[in-house]
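The values are calculated or read from the model by the stated rules, or taken from the named source; none is laboratory data. This is a predicted model, so every value here is computed, not measured. Cβ: placed from backbone, ideal geometry, glycine included. Neighbour counts: every protein chain shown. Each accessible area value is taken on the protein alone, full model and side chains, heavy atoms only, with ligands, DNA and RNA left out. Shrake-Rupley method; radii C 1.70, N 1.55, O 1.52, S 1.80 Å.
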Amino acid sequence: MDVEHVVGLPHPRLRPFVTRYSGYRMRTEPGVHRGLPSRSLTLVVTMDGTVDLSEGRFATLCGGLHDEAVLITHDGFQHGVQCDLTPLGMRAFFGMPAGELAATTVELDSLDAPAAELRERLRDAPTWTDRFARLDEVLGRLVRPVRQQVELAWAWQRLAAGVPVAEIAAEVGWSRQHLSARFAAEYGLTPKVMGRVMRFERANRMLRGERRPTLTEVAAACGYTDQAHFNRDWRALCGATPTEWIAAELPFVQGSEHGQGAELPS
């Protein structure tokens, strides 16, 4: 496996909208990779080839929040940049709530973004640092004034902290049903489902760490009631049990995160 993977932070003024850039150039065996649910929307610009999904082949794409694994078929060579967008970033860059892209992937140019220009400029850049700087420049031009409803922003933060949905509804002064409807319209998933995704993401990050904990330790740390609950939830969101995912995907993930590459300073 020949893997180059470099992670960088966007310009500080973009960080409310983009949490990180991930540049990758990978030669592996052909296969199918799982794009896992997370709290981030995904913007990808390829520099060679396409991202092949069930919806079609994409040279550039933006994908919404989802609660199932997205299957990505590849021929063994992948080269491009992924940007992890916050839901607020969808409003800032494209003038729409994240909910409009729920469980959906679209070509970047369908969002009135300069997809062809961005792809050309990334291809012409000599280093990852230069590519990330060009992302800063192009995305920076797209930013428009944006405000987020206080109650929804609070609900998102509290879900990330593991607070139950009923408690969050009481804190914002809404019924649980009203909170679910407003939250889903803004983000694309209900608070209950988003809470499951955030818990899954925490567990996934623990398993990707340099010191891999046991599955029992992960289940306890992330708030699963027991190992059976952990397995059921992981299968529903990932399409495989934790053990199956570790065997199939973790060598690929660790190769991309700890192989040839580095994290660029902020």
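Miscellaneous remarks
- In region 120-141, the residues that are within 14 Å of Leu9 (Cα to Cα) reach residues that are among the basic types (Lys, Arg) with C-beta atoms within less than 6 angstrom, at least six apart or across chains, in these pairs: Arg134/Arg121.
- In this structure, Val146 qualifies as part of a loop (DSSP other than H, G, I, E, B) and among the aliphatic types (A, V, I, L, M).
- Hey, Glu117 in contact (Cβ under 8 Å) with a residue 12 or more places away in the chain, out of contact with any Ser or Thr (no Cβ under 8 Å at 6 or more places or on another chain), closer than 22 Å to Val70 by Cβ and in a helix (DSSP H, G or I) or not: no
- A count restricted to region 5-26 and to residues that are open to solvent by 60 Å² or more (accessible area, probe 1.4 Å), assigned to a strand (DSSP E or B) and not β-branched (Val, Ile, Thr) stands at 2.
- Flag if Leu65 is surrounded by 16 or more Cβ atoms within 10 Å (Cβ to Cβ) and more than 19 Å from Leu142 (Cα to Cα): yes
- Tabulated pairs, region 40-58, first closer than 16 Å to Arg121 by Cα and open to solvent by less than 40 Å² (accessible area, probe 1.4 Å), second at pLDDT 95 or above and not in a strand (DSSP E or B), C-beta under 6 angstrom, 6+ apart or interchain: Val45/Leu118; Val45/Arg119; Val45/Leu122; Thr46/Ala59; Met47/Leu122; Met47/Arg123
- Unmet criterion (only one of (1) at pLDDT 95 or above; (2) surrounded by fewer than 15 Cβ atoms within 10 Å (Cβ to Cβ)) for Phe200: (2)
- Among the residues of region 25-58, those identified as of a type in the set (Ser, Thr, Tyr), under 28 Å from Arg141 (Cα atoms) and over 15 Å from the mean Cα position of the chain (by Cα) are Thr46, Thr50.
- Residue match in region 82-102 (condition: open to solvent by less than 10 Å² (accessible area, probe 1.4 Å), in contact with an Asp or Glu (Cβ under 9 Å, 6 or more places away or on another chain) and part of a strand (DSSP E or B)): no
- Residue under evaluation Arg144, criteria (1) under 21 Å from the mean Cα position of the chain (by Cα); (2) in contact (Cβ under 8 Å) with a residue 24 or more places away in the chain, criterion not met: (1)
- Options Ala170, Ala155: the member that is part of a helix (DSSP H, G or I) and open to solvent by 60 Å² or more (accessible area, probe 1.4 Å): Ala170
- Count of residues meeting criterion [among the charged types (D, E, K, R) and either open to solvent by less than 40 Å² (accessible area, probe 1.4 Å) or touching a His at 6+ places or on another chain (Cβ under 6 Å) (or both)] in region 214-234: 1
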